[in-house]
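Reading through the structure tokens given below for one structure.
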């Protein structure tokens with residue numbers, strides 16, 4: 001068993017079974033880590049996933065803005081024909 005560097009919970013993985021570059025998940029806090037060294041054991045939090053989520057949030061926000069602009073244009077078009 002190894003200890004999560006973030007929440008100090010036990011991660012159900014045997015230290016001697018890990019290889020460099022392997023990803024592991026802490027089920028307690030939900031964070032992913034990459035093994036950067038096995039002797040001594042070093043784990044680095046995967047940053048890619050949180051960045052992807054932020055990018056996805058930004059894309060969703062942009063889509064919402066585009067839809068609002070489209071709605072406003074449609075309303076303007078309706079007013080113009082009258």
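What to note about this one:
- Yes/no for residue 15 being at pLDDT 90 or above and surrounded by 10 or more Cβ atoms within 10 Å (Cβ to Cβ): no
- Tally, over the stretch 18-46, of residues that are more than 20 Å from the chain's Cα centre (by Cα), surrounded by fewer than 12 Cβ atoms within 10 Å (Cβ to Cβ) and not in a loop (DSSP other than H, G, I, E, B): 1
- Check on residue 78, outside any strand (DSSP E or B) and modelled with pLDDT under 90: yes
The values are calculated or read from the model by the stated rules, or taken from the named source; none is laboratory data. Note that the structure is predicted; figures quoted are calculated from it, not measured. So basically every Cβ, Gly included, is an ideal-geometry build from the backbone, and we count neighbours across all protein chains shown.
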